[in-house]
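Working notes, beginning with the structure itself.
Where a number appears in this text, it was derived from the coordinates with a stated rule and is not lab data. This one's a predicted model, so the numbers in the text were calculated from it and none came from an experiment. Positions of Cβ are backbone-derived with ideal geometry, glycine not excepted, and every protein chain shown enters the neighbour counts.
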Amino acid sequence: MRGNVKKKYKKNYKGFYTAQFVPDISKVSNGHRREHCSANRSRLNMIGINQGQQIRIVRPIAKGNSTLAVYTVSDVHDQEPNTVFVVGYTKPEDLRDRLELLSTSPFRGKVKAQVTMNLTDAEAEDKSEFVEHLIDNGYNTKLIVIAPHGGNIEKHTDEQAERICEQLPDRYVSAWICKGFKQGGGAYDRWHITSTDINEESFPKLKSIIGRHFEYSVAFHGWDNDSICIGGGQSTPPHLKQQIKEAIVNAVSGSGISVETDEDRTCPGDFNGSNSGNIVNRLSTKGLQIEQSKKARARYGIKIADAVTDIFDPLIKV
Ligand SMILES: [Zn+2]
């Protein structure tokens with residue numbers, strides 16, 4: 001796909017600084033997620049980062065190797081310049097899963113400004129990396145499909161977005177896709193950033209289309225529940241969700257997978273895509289979020305994508 005063109009590494013490189021990281025569980029009540037951190041304002045500004053953006057935390061481990069994860073700078077502080085508070089974890093396992101930490105003691109590492117690398121998917125998989133792709137003709141304003149957690153973060157969601165792009169002319173559809181990988185497992189722990197936190201300043205390809213104002217947007221996600229939930233923004237027509245639901249029910253018929261919309265009030269609040277800050281709702285006024293079980297994605301992923309295509313086809317070709 002077009003997004004795989006390899007570019008000079010230097011172009012997007014902003015910088016890094018060495019920091020002392022302090023796990024701080026005391027701030028967890030302020031709505032923090034485990035991928036949240038708080039860093040010194042002016043130190044961040046030196047590498048071109050502001051509050052709300054994403055960074056990489058890189059931690060040296062044995063034998064000259066390092067481990068890393070993406071974090072959101074949820075807060076900034078004016079204390080010790082090189083101190084970064086890791087504020088969102090609720091249990092030591094969160095630190096272990098995300099940064100391979102075996103304790104909650106402070107540790108040294110680096111804050112890096114560049115979040116995604118310019119690599120092909122094959123290179124990203126080989127290097128356990130994180131890449132960003134855009135499929136876009138430069139002027140489409142009808143539909144954008146997104147998979148912010150593709151690759152091995154939420155498996156098969158990227159294939160669904162790519163499938164819709166293959167089925168519709170590029171004057172009607174664009175796609176924004178991120179793919180994260182980790183050899184041996186753990187891509188979700190390393191790369192997952194919550195949809196309401198995704199900041200276009202940290203994703204150059206997203207930034208290039210964030211002001212486009214698409215008419216429709218659809219986000220493909222995966223979750224641990226057994227069902228499929230179709231949610232969306234406040235101004236997404238309920239009948240559109242209903243149409244998508246019926247088409248997906250048809251696509252997964254015989255599987256036993258239940259399909260709900262947030263109108264059914266069975267979609268958990270954190271997953272119903274209703275937040276206006278959710279990236280799917282920042283791309284269009286009619287945003288839809290589709291959360292899918294593992295089985296739905298693995299066995300019916302393309303069928304679900306085609307069901308979504310069938311609903312949008314007459315809507316966008318007017
Ligand atoms: Zn997701």
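Rounded if a/c is under 1.5, else prolate if a/b is larger than b/c, else oblate: which is region 15-112, with a ≥ b ≥ c the root eigenvalues of its Cα gyration tensor? The shape class here is oblate.
Over region 121-316, the alpha carbon radius of gyration divided by the compact-protein estimate 2.2 N^0.38 Å works out to 0.94. Give the aspartates and glutamates whose C-alpha is closer than 16 Å to that of Lys63, dropping any in the same chain fewer than 8 places away, or say none. Hits, sequence-local ones excluded: Glu100. Take Glu166, project a point 7 Å from its Cα along the Cβ direction, then tell me which residues of region 279-318 have their backbone nitrogen under 16 Å from it. Of the residues in region 279-318, 298-310 have backbone N under 16 Å from the label point off Glu166. For region 210-289 versus region 37-99, the spacing of their alpha-carbon centroids is 32 Å.
Note on the chain: antiparallel DSSP beta bridges, both residues inside, total approximately 50 percent of the bridges counted.
With runs of 4+ DSSP H residues as the only contributors, calculate the mean residue ellipticity of the chain at 222 nm using -39,500 (n - 2.57) per run, divided by the residue total and rounded to the nearest 500. Provide the component values of the computation, followed by the final result.
Working: 9 runs with 82 residues, N = 318.
Taking each H run of at least 4 residues, the total per residue is -7500 deg cm²/dmol.
All other residues whose Cβ lies under 15 angstrom from that of Gly273 are scored, Lys and Arg at +1 and Asp and Glu at -1, for a net of -3.
Could you pull out the pairs from Lys110/Lys155; Lys110/Lys294; Lys91/Lys286; Lys205/Lys286; Lys245/Lys294 whose alpha carbons sit more than 25 Å apart here?
Values: Lys110/Lys155 29 Å; Lys110/Lys294 34 Å; Lys91/Lys286 37 Å; Lys205/Lys286 21 Å; Lys245/Lys294 18 Å.
From the list (Lys110/Lys155; Lys110/Lys294; Lys91/Lys286; Lys205/Lys286; Lys245/Lys294), the Cα-Cα distance tops 25 Å for Lys110/Lys155; Lys110/Lys294; Lys91/Lys286.
With pairing defined as another cysteine C-beta under 4.7 Å, the cysteines of the chain that fail it are Cys37, Cys165, Cys178. Relative to the current alpha-carbon distance between Asp78 and Thr266, full extension at 0.36 nm per residue lengthens the span by 63.4 nm. The simple Förster model, with R0 at 22 Å and r as the Cβ-Cβ distance, assigns Val249 and Asp224 a FRET efficiency of 0.55. Between Ala39, Gln242, Ile302, whose Cα lies farthest towards the positive end of the dipole of the chain when Lys and Arg beta carbons carry +1 and Asp and Glu beta carbons carry -1, centred on the Cα centre? So the residue we want is Ala39. Taking other residues whose beta carbon is less than 11 angstrom from the beta carbon of Gly52, and scoring Lys, Arg as +1 and Asp, Glu as -1, yields -4. The simple spin-label model puts a point 7 Å past each Cα toward its Cβ; for Ser103 and Asp306 those points are separated by 5.6 nm.
Within the shell defined by Cβ-Cβ distances under 11 Å, the residues around Ile257 carry a net charge of +2, with Lys and Arg each +1 and Asp and Glu each -1.
Defining a contact as two alpha carbons under 8 Å apart and six or more residues distant in sequence, what relative contact order in percent does region 160-318 show? Let's see the in-between values first.
Working: 241 pairs, mean separation 54.3, N = 159.
Reported relative contact order: 34 percent.
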